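J.: One structure, pasted below without further comment.
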Amino acid sequence: MKKLMLAVGVLLVAAAPAAAQDAARGERLVEERGCTACHGPRGVSPVPLMPSLAGQQPDFITLQMILFREGLRQVPAMMEPARGLTDAQIQDIAAYFAALPSAPKPDRGPRNEALAQRGAQLSAARNCNACHLPDYSGRANVPRVNHQREDFLAHTLAEYRDNLRVGADTQMNGLMHGLTNDDIRAIAHYLAHRE
């Protein structure tokens, strides 16, 4: 019951008005907490399997940071940076990353047209754009998945398929069920190379 109440509180905080957010304060907190070491300068990650946060949905970042802070999402690399942050500080960090441009990484490698087309077909068959929107920029607590690191996307989608990761609900787990590693690689390639 306590975890349920905490989850409800997390969702309420994530839905709080964005007016309280301050990207300049968020930038200072990002520097103080060393976020750029993994998530990269200006939110574009140079680290394998590490998500880029530039242009990410602020509600999504807020929700994830609160889950890290409360120990409800166990990612060791995020436990210490999230420790002790207030809700307002988390919202400021989210505002900072959300304000950064989410342009595709210049070193993402060449687009494989056949692989991208297969990924587009698989994404359409699973209606990924219903939640992540037609341009895959996300909304509210649904993350932006375009312009993301391809290796991170493939790893995350495989974790959903294998029930090693859950979101705010189990919808992603169900959508990934039955996909092969090649299917997941195609979806990740397609999303990472979306303009």
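The values are calculated or read from the model by the stated rules, or taken from the named source; none is laboratory data. A quick note: this is a predicted structure, and the numbers were derived from the prediction, not measured. Note that we place each Cβ from the backbone using ideal geometry, even for glycine, and neighbour counts take in every protein chain shown.
J.: Collect the residues in segment 137-178 that are among the aromatic types (Phe, Trp, Tyr) and either more than 25 Å from Arg108 (Cα to Cα) or in contact (Cβ under 8 Å) with a residue 60 or more places away in the chain (or both), keeping them in residue-number order.
T.: Correct list: Phe152 only.
J.: Of the residues that sit in segment 28-63 and are more than 18 Å from Arg149 (Cα to Cα) and touching a residue at least 12 places away in the same chain (Cβ under 8 Å), which one is surrounded by the fewest Cβ atoms within 10 Å (Cβ to Cβ)?
T.: Gly34
J.: Out of the residues in segment 14-27 meeting the condition of being surrounded by fewer than 16 Cβ atoms within 10 Å (Cβ to Cβ) and modelled with pLDDT under 95, tell me which one is nearest to Ala98 (Cα to Cα).
T.: Ala18
Let's see how each residue does on (1) under 28 Å from Gly40 (Cα atoms); (2) among the hydroxyl-bearing types (Ser, Thr, Tyr); (3) in contact with an Asp or Glu (Cβ under 9 Å, 6 or more places away or on another chain):
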site	(1), (2), (3)
Gly109	yes, no, yes
Gly119	yes, no, yes
Arg126	no, no, no
Ala140	yes, no, yes
Arg149	yes, no, no
Phe152	yes, no, no
Ala158	yes, no, no
Gly167	yes, no, no
Thr170	no, yes, no
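J.: Scan segment 71-95 residue by residue and report those that are modelled with pLDDT under 95, farther than 23 Å from Glu150 by Cβ and either among the polar types (S, T, N, Q) or not in a helix (DSSP H, G or I) (or both).
T.: Within segment 71-95, Gly71, Leu72, Gln74 meet the criteria.
J.: Being part of a loop (DSSP other than H, G, I, E, B) and closer than 18 Å to Thr156 by Cβ is the filter here, so list the residues in segment 47-70 that pass it.
T.: Val47, Pro48, Leu49, Met50, Pro51, Ser52, Leu53, Ala54, Gly55, Gln56, Gln57 - these are the residues of segment 47-70 that are part of a loop (DSSP other than H, G, I, E, B) and closer than 18 Å to Thr156 by Cβ.
J.: Further, regarding this structure: If I filter segment 96-113 down to residues being farther than 11 Å from Gln21 by Cβ and among the small types (Gly, Ala, Ser), which single residue comes out as modelled with the lowest pLDDT?
T.: By that ranking, first place goes to Ala103.
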